[in-house]
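Read the structure below first, then the notes.
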Amino acid sequence: SVSSGSKTLKDAVNETLREWSKRSEDTFYVLGSALGPYPYPDMVRELQSVISKELKKQTKKYFSGLPDVMVACVGGGSNSMGFFTHYLMDKNVRLIGVEGGGIGEERGANAKRIHNIHASEGIAQGYKSLFLQDKDGQLSQTHSISAGLDYAGIGPQLAHLAEIGRVEFTSALDKEAIEACQFFAKHEGIIPALESSHALAATIKICKNLKNKNIIVNVSGRGDKDIFITTKAINRAKWKGFLQAELTRIDKG
Ligand SMILES: Cc1ncc(COP(=O)(O)O)c(C=O)c1O
């Protein structure tokens, strides 16, 4: 595990690139998002695009045509690029990316790379894109309740798609993601990942202005992995009490 810097994804990527550049003859670099040095963004997008390939078959059948709106959360871009790819040329399909709005607008309080005065074009970690960075090009600290969205850069393909207006961008706050997670657990019986909960939170807002439209949200992961963060955010005192009771039970047993 990474012990340098802020000990987040940015630092893990730095350490990995460092290790790889020292030992490239017997080491292979693997990255779980659509960013990093070329051709990693393209490789990840191609592999992830099985999502939209399959979806296109299914939407033809269930909607007898195309969906109207598609929504996905955006950390680096792997789930959203995989989800959007086969619909990019279908100009009537609205594609919406949702970033981590964190706890506010100040520098370091969120992970919004698009529509953010604190983000600018730069080159870091092997790729050119939009980054949350200072005037010297040092990557900024970021904040999101969701580890997968808590990152200073965005995949270059998405930065481009935002620039040409093909993908719209919005964001959801930490607390909106938690509320959406609770809402879908209660009403749909699913526990979405905190990353996906951002897409769901934005969808709840988007739906308020739409009628009779077919909307698809990419639920990129399961929320079981986030249970320690989610339960703490929902009811800290009750969660602490539960953990303490469990520890007592273990000690006794
Ligand atoms: C479940 C889940 N969804 C979304 C993301 C965001 O990454 P990406 O934008 O590359 O899909 C992550 C990243 O770790 C994740 O774990």
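Data overview
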read-out	value
Selected residue [among the hydrophobic types (A, V, I, L, M, F, W, C), touching a Leu at 6+ places or on another chain (Cβ under 7 Å) and surrounded by fewer than 18 Cβ atoms within 10 Å (Cβ to Cβ)] from I229, I123, I164	I229
Failed item in (1) within 12 Å of the ligand (Cβ to nearest atom); (2) not in a helix (DSSP H, G or I), with S196 passing the rest	(2)
Only listed residue being charged (D, E, K, R) and closer than 22 Å to G223 by Cα, chosen from E195, E168, E163	E195
Any hit, the range 169-185, residues being in a strand (DSSP E or B), open to solvent by 40 Å² or more (accessible area, probe 1.4 Å), closer than 24 Å to E106 by Cα and more than 12 Å from the ligand (Cβ to nearest atom)	yes
Some residue of the range 38-55 being under 22 Å from Q141 (Cα atoms), modelled with pLDDT of 90 or more and within 13 Å of the ligand (Cβ to nearest atom)	no
Cβ pairs under 6 Å, 6+ apart, first in the range 79-96 and touching a residue at least 40 places away in the same chain (Cβ under 8 Å), second outside any helix (DSSP H, G or I) and open to solvent by 30 Å² or more (accessible area, probe 1.4 Å)	N79/S220; I96/E168
Residue check, G148 part of a loop (DSSP other than H, G, I, E, B) and open to solvent by 20 Å² or more (accessible area, probe 1.4 Å)	no
Close pairs from the range 12-28: first without any contact (Cβ under 8 Å) to a residue 24 or more places away in the chain, partner β-branched (V, I, T), Cβ under 6 Å, at least 6 apart	A12/V2; E15/V2; W20/T27
Filter result for D26 (at pLDDT 90 or above and either hydroxyl-bearing (S, T, Y) or surrounded by 12 or more Cβ atoms within 10 Å (Cβ to Cβ) (or both))	no
Helices (runs of 4 or more DSSP H) fully within the range 1-120 counting 2 or more residues that are more than 26 Å from I216 (Cα to Cα)	9-22
Test result for K56, more than 16 Å from the chain's Cα centre (by Cα), of a type outside the set (S, T, N, Q) and either open to solvent by 30 Å² or more (accessible area, probe 1.4 Å) or more than 27 Å from P192 (Cβ to Cβ) (or both)	yes
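The values are calculated or read from the model by the stated rules, or taken from the named source; none is laboratory data. Keep in mind the model is a prediction, meaning the values are calculated, not measured. Cβ atoms come from the backbone with ideal geometry, glycine included; neighbour counts cover every protein chain shown. Protein only, heavy atoms only, side chains kept; ligands, DNA and RNA dropped before computing areas. Shrake-Rupley method; radii C 1.70, N 1.55, O 1.52, S 1.80 Å.
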